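Have a look at the structure below before the remarks.
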Amino acid sequence: MSQMSQTGIPCTLMRGGTSKGPFFLASDLPDDMATRDRVLLAAMGSPDVRQIDGVGGADPLTSKVAIVSRSSRPGIDVDYLFAQVSVDRPRVDVTPTCGNMLAGVGPFAVERGLVRAKNPSTPVTIYLVNTGTVAVAHVPTPGGKVTYVGESSIAGVPGTAAAIRIDFRDTAGAVCGALLPTGNTLDQIDGLDATLIDNGMPMVVLRASDLGKSGYELPAELNSDQKLKARLEAIRIFAGERMGLGNVRSKVVPKMALIAPPQSGGHVMTRTFIPHKCHPAIGVLMAVTVGTACILPGSVARNIVRPQDGAIQRLSIEHPTGEFSVEFQLEHSVGELKVMRSSLVRTARALFRGELLVPASVWEGKSRATSADVSRTMEHA
Ligand code: NQM
């Protein structure tokens, strides 16, 4: 047994978009997955509704972890594994990715020496391990240094920061294997029209009005509606099976979206559930996926979203705290509409650098030899 009562793990705490959490190098965490998950639970202070004994923020959006490593895949700079650490259950879910935490991966990779910075911006090609897809993040690096300062604002984050443009490719069916896992643009569940879709995030898209809602309610109002939440969960469990995800009772996907006509000049209004709590805004890949549902002819959005023409379509997706714009590059081939690329802007900021401490009883850390090898690798990066 070690003499030390705590194990220090090198870590950067980052805000990525509207999420926040610790970013680790994979080489600084246990290789064994069961130990890794115990370390992540201890680091965040889970399970506990207040996460008082860890750095988690007692909310799904601030109970997220990014694990980054140099990639050995051709044409890829870094691999990013996302972990959703449950706040109140001893559970770590790596089924979906998180597009908000993704915004922090580029700056982290440059600052930790995994990618050499260019002037004035550095494209970082990222393999999203959870979904097997690729994103390119354009990190502002004037003079070869990451800057977080800029004029871009995103809904849900006060102030402005440097814009990080993110381009996604090949997100269709990232988790379910097909954009429309049931083979249909429109299904019926519990007597309701539903579009079951995965363009980076498995989602069930429903019309708010079909559930007796306007779609303009505040998240707190929806969160306290136990009848609505029970109905959504029953639909989610049924839809999860139909989407090939098996029993999703203990999984965070599929996520749920209620859509309604826009209120502020956008294309559609949304209330999304992640999956049991209403999001104060909307997740990144949730926006990409709901946006895709809005573009597909014959989906649940057909009487809500005005169709647009052209190979490039820009959708403004309204949500409880503003809007989220996504640009889609589309291709029509033999009666099928394909999203070739989706692009959007996020911001991020490194908040703290140091060592995150977990009890040595959870993990004693890597052996001296392994740590020395890791530091040598970093020096030669
Ligand atoms: O959809 C929320 C978020 C997300 C996920 C969640 C996300 C995405 O807003 O890509 O970013 O689903 O827990 O961070």
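Here is a check on your reading of the model: is residue 302 over 24 Å from the mean Cα position of the chain (by Cα), assigned by TED's automatic domain parsing to the domain that holds residue 199 and more than 9 Å from the ligand (Cβ to nearest atom)? Yes. Checked against the criterion of being modelled with pLDDT under 95 and either aliphatic (A, V, I, L, M) or open to solvent by less than 50 Å² (accessible area, probe 1.4 Å) (or both), the candidates 60, 96, 22, 10 yield just one match: 96.
Residue-wise test of (1) within 23 Å of residue 292 (Cα to Cα); (2) assigned by TED's automatic domain parsing to the domain that holds residue 114; (3) within 23 Å of the chain's Cα centre (by Cα).
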position: 133; (1), (2), (3): yes, yes, yes
position: 154; (1), (2), (3): yes, yes, yes
position: 170; (1), (2), (3): yes, no, yes
position: 174; (1), (2), (3): yes, no, yes
position: 178; (1), (2), (3): yes, no, yes
position: 192; (1), (2), (3): yes, no, no
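Only residues that are touching a helix residue (DSSP H, G or I) at 6+ places or on another chain (Cβ under 8 Å) and within 12 Å of residue 277 (Cα to Cα) were counted in the stretch 210-230, giving 4.
All conditions but one from (1) within 20 Å of the chain's Cα centre (by Cα); (2) modelled with pLDDT of 95 or more apply to residue 50; the one that does not is (1). Contact annotation: residue pairs with Cβ atoms under 7 Å, 6 or more positions apart or on different chains, pairing a residue in the stretch 242-260 that is without any contact (Cβ under 8 Å) to a residue 40 or more places away in the chain with a partner that is open to solvent by 20 Å² or more (accessible area, probe 1.4 Å), are 248/237; 249/237. Put simply, of 290, 253 the only residue that is within 19 Å of the chain's Cα centre (by Cα), within 15 Å of residue 176 (Cα to Cα) and either open to solvent by less than 10 Å² (accessible area, probe 1.4 Å) or within 16 Å of the ligand (Cβ to nearest atom) (or both) is 253. Taking the stretch 93-125, which residues are outside any helix (DSSP H, G or I) and either within 16 Å of the ligand (Cβ to nearest atom) or under 21 Å from the mean Cα position of the chain (by Cα) (or both)? Across the stretch 93-125, the qualifying residues are 93, 94, 95, 96, 97, 98, 123, 124, 125. Would it be correct to say that residue 300 is closer than 22 Å to residue 169 by Cβ, of a type in the set (Val, Ile, Thr) and either in contact with a Ser or Thr (Cβ under 7 Å, 6 or more places away or on another chain) or part of a strand (DSSP E or B) (or both)? In short, no.
The values are calculated or read from the model by the stated rules, or taken from the named source; none is laboratory data. Quick caveat: nothing in here was measured; it's all calculated off a predicted structure. Neighbour counts are summed over all protein chains in view; Cβ atoms, including those assigned to glycine, are modelled from backbone coordinates with ideal geometry. Accessible surface areas use protein heavy atoms only, side chains included; no ligands, DNA or RNA. Shrake-Rupley method; radii C 1.70, N 1.55, O 1.52, S 1.80 Å.
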